[in-house]
1. Rounding to the nearest 10 and keeping the result within 0 to 90°, find how far the Cα-based axis of helix 55-64 lies from the longest principal axis of the chain.
2. Return one number: the angle in degrees, 0 to 90 and rounded to the nearest 10, between the long axis of the Cα atoms of helix 240-254 and the longest principal axis of the Cα atoms of the chain.
3. Length gain on complete extension for the stretch ARG205 to ARG133, per 0.36 nm per residue less the alpha carbon to alpha carbon distance?
4. Rank these for me by crowding, SER138, SER259, SER213, SER196, going from fewest to most other beta carbons within 10 Å.
5. At R0 = 45 Å, how high is the FRET efficiency between ASP225 and GLU16 if r is their beta carbon distance? Nearest 0.05 is fine.
6. Taking 7 Å along the Cα-to-C-beta vector as the label spot, tell me the VAL41-ASP92 distance in nanometres, rounded to one decimal.
7. From the Cα gyration tensor of segment 1-61, with a ≥ b ≥ c the square roots of its eigenvalues, which class applies: rounded if a/c is under 1.5, or else prolate if a/b is larger than b/c, or else oblate?
8. Roughly how many debye, to the nearest 20, is the charge dipole of the chain about its Cα centre, given +1 on each Lys and Arg Cβ, -1 on each Asp and Glu Cβ, and no other charges?
Amino acid sequence: MQSNTEKIDIKALTLEELKASLKTIGEKEFRAKQIYEWLHVKLARSFDEMTNLSKELRTKLASEYELVCVTELERYESKIDGTVKFLFRLPDGNVVECVLMKYHHGNSVCISSQVGCRMGCRFCASTLGGLTRNLRTSEMLDEVYQLQRLSGERVSNIVIMGTGEPMDNYDNFVKFVRMISSLDGLNISQRNITVSTCGLVPKMRALAEEGLSITLALSLHAPNDEERVKIMPVANSYKLQDVLNACDYYYEKTGRRISYEYSLVDGVNDTAACAKELSRLLKGKNCHVNLIPVNPIKERDYKRSTGNNIQNFKNILEKNRINVTIRREMGSDINAACGQLRKSYTDKTMVQEVEQ
């Protein structure tokens with residue numbers, strides 16, 4: 001038998017990997033299908049729930065495998081639109097945020113890919129404490145599973161836009177996509193999965209080669225290198241033209257339209273001149289621009305654009321035949337923006353520890 005430190009993360013195993021693993025502990029291959037269904041369809045949180053397995057086998061599984069589950073720590077429900085923001089505790093005590101958004105066309109969830117983030121984007125609360133660690137594939141899966149379990153309704157859309165830079169946790173993120181869209185699991189269409197990146201060019205190009213059909217969303221936020229580097233430190237490593245070329249490559253390989261995320265900051269990147277420059281930059285591309293009125297955070301002096309500036313920015317893009325929408329605010333009364341809830345929780349915890 002294995003010690004605790006050597007237990008295998010069973011939820012991160014594909015069906016084929018699980019078959020091979022069970023064979024090494026002397027179990028029949030057909031058991032893998034049963035166990036996989038419990039984990040990824042019935043969303044079991046313990047081996048004891050697997051009632052069509054013998055007690056002996058369940059005991060054996062518990063001794064050989066680790067069953068990773070996230071647990072609900074806090075939840076906040078918007079009185080405006082029913083959006084629910086969750087704070088989940090991971091097995092090691094770290095916390096991540098997830099959001100459940102209810103639309104007429106189905107439930108959409110926003111999940112995290114890292115504990116914290118090292119990208120340093122100046123308008124984002126997720127980066128303020130730096131990166132703690134990557135999430136495991138099993139933890140990303142269980143974010144979705146727990147949200148579906150708690151809501152009692154099927155998840156139909158996933159956006160990987162919570163805390164963290166998914167491309168900075170590339171292998172776990174790609175395996176998550178393959179497993180969450182597997183016919184043997186929740187079978188969520190890859191076309192209903194969107195991943196956001198601040199522009200890690202080599203990983204974007206690698207993703208284009210994976211044979212996936214997910215949507216790529218680029219955090220753009222400025223129409224030129226000079227302005228972008230002030231907002232996003234990653235722009236020091238990857239020039240805007242190289243990032244856009246990687247987006248074009250992704251579109252060529254997958255046929256999936258690129259979404260460009262653009263957070264509007266008052267007096268920084270929301271001027272008519274910026275809108276015109278952005279129009280020239282994206283002219284002729286099969287893309288969609290998502291304008292996001294920035295959520296102010298107390299650690300930064302950035303302010304949200306005025307309603308007039310937001311509408312004027314949108315109008316200029318539309319006149320230049322750029323497909324554009326203003327993101328509908330969800331959960332504005334519950335700090336539903338990336339990193340805000342986790343930051344307030346960790347700040348509160350630190351104060352409590354100092355007072356004790």
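1. Value to nearest ten degrees: 50.
2. 50 degrees
3. Numbers: separation 72, 0.36 × 72 = 25.92 nm, distance 2.36 nm.
Between ARG205 and ARG133, full extension yields an extra 23.6 nm.
4. Placing the least packed residue first, the sequence is SER213, SER259, SER196, SER138.
5. 0.50
6. Here the modelled spin labels are 3.3 nm apart.
7. Rounded, since a/c falls under 1.5.
8. 880 debye
Rule-based calculations on the coordinates, nothing more; no lab input. What you are looking at is a predicted structure, and each value in this text was computed from that prediction instead of being measured. Glycine also receives a Cβ, built like all others from the backbone with ideal geometry; neighbour counts cover every protein chain displayed.
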